[in-house]
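Visitor: Please see the structure below; I have some questions.
The values are calculated or read from the model by the stated rules, or taken from the named source; none is laboratory data. Every value quoted in this text rests on a predicted model; they were computed, and no experiment measured them. Cβ atoms come from the backbone with ideal geometry, glycine included; neighbour counts cover every protein chain shown. Just the protein is used for accessible areas: all its heavy atoms, side chains included, with ligands, DNA and RNA removed. Shrake-Rupley method; radii C 1.70, N 1.55, O 1.52, S 1.80 Å.
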Amino acid sequence: MSVLKVEHVNYIYGAETAYEIQALKDVSLEIPKGQFVGLIGHTGSGKSTLIQHLNGLIRATSGHIYFQGQDIYGAHYNMKELRSQVGLVFQYPEHQLFEIDVLSDVCYGPKNQGLTREEAEKRAREALRMVGVSEEFYGHSPFELSGGQKRRVAIAGVLAMKPEVLILDEPTAGLDPKGRDDILDQIAKLHQESGLTVILVSHSMEDIAKYVDRIIVMNQGAVMFDAAPKEVFRHYKELEQVGLAAPQVTYIMHRLKERGMDVDTDATTVEEAKEAIVSAWKKKHDSAGNRCENV
Amino acid sequence: MIRTAKLVYDYIKRDEEGNVEEVDRAVDHVDLDVEKGDFVAILGHNGSGKSTLAKHINAILVPSEGTVWIGDMDTRDEGHLWDIRQSAGMVFQNPDNQIIGTIVEEDVGFGPENMGVPTKEIWERVDESLKAVGMTAYRHHSPNKLSGGQKQRVAIAGVVAMHPKCIILDEPTAMLDPNGRKEVIRTIRALNQVEDVTVLLITHYMEEVVYADKVVVMDEGKIVMRGTPREIFSRVDELKQYRLDVPQVTLLAHELKKEGIPLPDGILSIDELVNALCQS
Amino acid sequence: MIRDITIGQYYPVDSPIHRLDPRTKLIGTLTFIISLFLFKSIAGYLVATAFLVTVIRLSKVPFKFMVRGLKAILLILIIAMLFNVLLIRDGNVLFDKWFIRITDQGLYTAAFMAVRLTYLVIGSSVMTLTTTPNDLTDGLESVLGPLKKIHIPVHEIAMMMSIALRFIPILLEETDKIMKAQIARGADFENGNLIQKAKNMVPLLVPLFISAFRRADDLAMAMEARCYHGGEGRTKMKPLHYGKNDAGAFVFLLIYLAAILAAKQFWIIV
């Protein structure tokens, strides 16, 4: 059964004014448990609006959303419970830190769930371990940490609520390359080890291609593509038309193919591309003379 | 144009009595020489000292040791403070926190107003600067309604209107989406090529330094690598050690080379890789 | 919500009122506000209404934008009216039960006061809706200029105002974001008693203050980098100068004042 199911959701803001904007147009999705989903779309495509619907921060103008089979707009539905089950990490989440020390800050979520200080602390320690913040920092002020550390603490703040689904809105924005890879690796590890369902919003196609099982592309409030990465990146020309792109590797593979090299154009990561090119190159050099055409 | 000699900067943390508690060396004996018209990129991970270095160039910070010259002015010379700030314009990371005006054109005029430029000339400067960054159509807009990339272009126009000899951009694209990043980089390149403005770009996005004349890599306050983009990008493993990475094309070329495919070093573009592979 | 505050919301359209020098508008608004307190007669209010309606018409700003500002003071308005109705005990008694006594005098005063407050807000809204914040602060700086002689930092105050105006929308957006982020962590900003509510605000206010300080720090640096060093030696991109329109506006203002005074005299004679 799917964890989250979105059915014909429309969202209009500023309804009945001159500024009326339809931010979501008939969006339907189903997200099975344990999937690693990438959500892409340029700024203003509706992806941020969509993720805020998933944990009830924004209410749809029409349509239904089901979490574990239950209609979240149902009469007695517990929204607060939903928010702890569908953890949402906003962009620059370190801007929400406020406590005097790291541990207390991470405890904020679990304490709001009604856990005792002891239980909350246990959860917090576990969450901090999961994101790789070492124990020596627990007593530090969160504001003294480096950018990457702060971000981990903020993510731990959401993880400590033990959500079923973790949604991250551009978790790597503003980090340096190593910091970026570290955070994404950590999330991938979490996904593998705990079977957490993860929805990753990102602008980096390279990152998306490396980590996710499925890509949802949003454009002008509607779902444009929803398929496996290879499938989606086959449409790289259409992606470009809506201000997006495929990973560099996709372009390389297509260009090589055009020039007559017999490579698999579905490769989306450096690893895959390397294998495809090496095997094509070997084949070519075994049957010498088979050169590229000059286009 | 810009020259630093044995530049050292220490952040000093003091306790309540004013005694030195901790000294954190952010910039450590940096020698840098930027020629007029150059496009120099400074790479480095967060905390490598690159921003601290940038703040020395327009005298927001003054060296703990060593010297910084802008043209023939020493940044420590307070008599030249405003000349230095005018010669070396600075664009910062967060587009929201550097726009002062509530209307685009008024923000662009802010620098010249401070410099005491006559009204008529302010208008001329605002017109040409907005044109140079391609934001003329938005001159009467409120900055709050613009996209991140557009805001940064306004910030750049604000600096250009001061007629600086060089522009230092401190991670101008870190908070932007890919399209905004492209917009800003295109604008910077045009300024460098068309207007011959000296550019010092600080970033950790590798794609952006491909167009630079020179690349400098910083780590722990020191300059650890210098060279052309091609030279720098051919040293993939070394870059990784400094918490940096290379564009996917360069990485792929590097991996293929390791597999025994004969390819030249430091491939920077898709075209180069495709051509090289087809000819090998 | 907080977004309804009209103060500082410029309505971009070209009109004779928009084109006036901000100093004219400042002086005009001030004169109008003072005039509201000068008289207590229906005729006077009719003149004021005519004046206000003319100005609003000329400004081409839709009337609903003017009224939006009233929402923010609605509560104050109601409380003030209630006080007047309940506390003024002179005049003919219309209603008298328990401790409540309503008199015609009380009703009159309450009505006058409501009109006065409403006109005051609408009058100031006309100014802020037709003047860019920058013009407004420039105008203020110039009108208050003479105060520099007694060492009041007029330029600095004006600069602070214009920066505040620029950052209000940014900080509102930020408040919204932080609020959502904390709600996603189970925060509750609505329920509980006053003390609990205040306590629940900490996770919102601490990040907001930190962000405001960070922004202030960044902004100060950006301003210095752009050679800002106070008002001294500064030139203006848009220097203020009175034009023909302004002369017209002042004549109009004088006619208004004359009409008001005439109405007052007239009322007394009758």
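Visitor: Scan the stretch A:171-186 for residues that are under 14 Å from the mean Cα position of the chain (by Cα) and either of a type in the set (K, R) or open to solvent by less than 10 Å² (accessible area, probe 1.4 Å) (or both) and report the count.
Guide: The qualifying residues number 4.
Visitor: Sticking with this structure for a sec: Test of understanding: among C:V61, C:V67, C:V47, C:V55, which residue is out of contact with any Gly (no Cβ under 6 Å at 6 or more places or on another chain) and not in a helix (DSSP H, G or I)?
Guide: C:V61
Visitor: Can you pull out the strands (runs of 3 or more DSSP E) entirely within the stretch A:1-89 that have at least 2 residues that are surrounded by fewer than 16 Cβ atoms within 10 Å (Cβ to Cβ) and in contact with a strand residue (DSSP E or B) (Cβ under 8 Å, 6 or more places away or on another chain)?
Guide: So the answer is A:2-13, A:21-32, A:62-67.
Visitor: Turning to a different aspect of this structure: Would you call C:I76 touching a Gly at 6+ places or on another chain (Cβ under 8 Å), among the hydrophobic types (A, V, I, L, M, F, W, C) and in contact (Cβ under 8 Å) with a residue 12 or more places away in the chain?
Guide: Judged against the criteria, C:I76 is not a match.
Visitor: Would you pick out the residues in the stretch A:95-104 that are within 9 Å of chain C (Cβ to nearest Cβ) and in a helix (DSSP H, G or I)?
Guide: From the stretch A:95-104, those within 9 Å of chain C (Cβ to nearest Cβ) are A:95-99; that's our starting set.
Listed by number, the residues that qualify are A:H95, A:Q96.
Visitor: Continuing with this model, one more query. Can you tell me how many residues within the stretch C:17-32 are open to solvent by 40 Å² or more (accessible area, probe 1.4 Å) and in contact (Cβ under 8 Å) with a residue 40 or more places away in the chain?
Guide: Summing the residues that are open to solvent by 40 Å² or more (accessible area, probe 1.4 Å) and in contact (Cβ under 8 Å) with a residue 40 or more places away in the chain in the stretch C:17-32 gives 2.
Visitor: Mind checking whether some residue in the stretch C:51-68 is in contact with an Asp or Glu (Cβ under 9 Å, 6 or more places away or on another chain), without any contact (Cβ under 8 Å) to a residue 40 or more places away in the chain and at negative phi? Quick ask: steps written out before the conclusion?
Guide: Restricting attention to the stretch C:51-68, the residues satisfying the condition of being in contact with an Asp or Glu (Cβ under 9 Å, 6 or more places away or on another chain) are C:60, C:68.
Then drop every residue that is not without any contact (Cβ under 8 Å) to a residue 40 or more places away in the chain, which leaves none.
Checked against the condition, which is being in contact with an Asp or Glu (Cβ under 9 Å, 6 or more places away or on another chain), without any contact (Cβ under 8 Å) to a residue 40 or more places away in the chain and at negative phi, the stretch C:51-68 yields no hits at all.
Visitor: Of the residues that make up the stretch C:243-257, is at least one surrounded by fewer than 17 Cβ atoms within 10 Å (Cβ to Cβ), within 14 Å of another protein chain (Cβ to nearest Cβ), farther than 30 Å from A:V106 by Cα and not polar (S, T, N, Q)?
Guide: No - not one qualifying residue is present in the stretch C:243-257.
Visitor: Mind checking which helices (runs of 4 or more DSSP H) fall wholly inside the stretch B:25-134 and carry at least 1 residues that are open to solvent by 10 Å² or more (accessible area, probe 1.4 Å) and small (G, A, S)?
Guide: B:50-57, B:119-132
Visitor: Could you tell me which of the residues B:I267, B:I261 is over 28 Å from B:A54 (Cα atoms) and touching a His at 6+ places or on another chain (Cβ under 9 Å)? Break it down stepwise before answering.
Guide: Details: B:I261 fails: touching a His at 6+ places or on another chain (Cβ under 9 Å).
It is B:I267.
Visitor: Return the residues of the stretch B:118-161 that are of a type in the set (D, E, K, R) and farther than 19 Å from B:M175 by Cα; say none if nothing qualifies.
Guide: Start the filter on the stretch B:118-161 by keeping residues that are of a type in the set (D, E, K, R), which leaves B:120-121, B:124-125, B:127-128, B:131, B:139, B:145, B:151, B:153.
Selection gives B:K120, B:E121, B:E124, B:R125, B:D127, B:E128, B:K131, B:R139.
Visitor: Contact list please: Cβ distance under 8 Å, first residue in the stretch B:243-263 and closer than 18 Å to A:W281 by Cα, second residue assigned to a helix (DSSP H, G or I) and small (G, A, S), pairs at least six apart or on different chains.
Guide: Once the first residue is closer than 18 Å to A:W281 by Cα and sits in the stretch B:243-263, its partners that are assigned to a helix (DSSP H, G or I) and small (G, A, S) give B:L252/A:A273; B:A253/B:A276; B:L263/B:A253; B:L263/B:A276.
Visitor: Starting from residues that are among the β-branched types (V, I, T) and within 12 Å of chain A (Cβ to nearest Cβ), keep the ones in the stretch C:145-204 and report whichever is most open to solvent (accessible area, probe 1.4 Å).
Guide: Looking at residues that are among the β-branched types (V, I, T) and within 12 Å of chain A (Cβ to nearest Cβ), I get C:V202.
Visitor: Still on this structure, please answer the following. Looking for something surrounded by 15 or more Cβ atoms within 10 Å (Cβ to Cβ), within 12 Å of another protein chain (Cβ to nearest Cβ) and over 15 Å from the mean Cα position of the chain (by Cα) - is there at least one such residue anywhere in the stretch A:222-239?
Guide: The answer is yes, given that some residue of the stretch A:222-239 is surrounded by 15 or more Cβ atoms within 10 Å (Cβ to Cβ), within 12 Å of another protein chain (Cβ to nearest Cβ) and over 15 Å from the mean Cα position of the chain (by Cα).
Visitor: Quick one: is C:I76 out of contact with any Pro (no Cβ under 6 Å at 6 or more places or on another chain), closer than 27 Å to C:I34 by Cβ, open to solvent by 40 Å² or more (accessible area, probe 1.4 Å) and modelled with pLDDT of 80 or more?
Guide: yes
Visitor: Whether any residue in the stretch B:187-209 is under 22 Å from C:M223 (Cα atoms), within 14 Å of chain A (Cβ to nearest Cβ) and touching a Gly at 6+ places or on another chain (Cβ under 7 Å) is what I want to check.
Guide: no
Visitor: A follow-up question, please. Take C:L219 and decide whether it is open to solvent by less than 50 Å² (accessible area, probe 1.4 Å) and more than 14 Å from chain A (Cβ to nearest Cβ).
Guide: yes
Visitor: Being touching a helix residue (DSSP H, G or I) at 6+ places or on another chain (Cβ under 9 Å) and farther than 20 Å from B:D177 by Cα, is that true of even one residue in the stretch A:233-241? It would help to see each step written out before you state the result.
Guide: Of the residues in the stretch A:233-241, the ones touching a helix residue (DSSP H, G or I) at 6+ places or on another chain (Cβ under 9 Å) are A:233-234, A:236, A:239.
Among the residues that remain, those that are also farther than 20 Å from B:D177 by Cα are: A:234.
Yes, because at least one residue in the stretch A:233-241 is touching a helix residue (DSSP H, G or I) at 6+ places or on another chain (Cβ under 9 Å) and farther than 20 Å from B:D177 by Cα.
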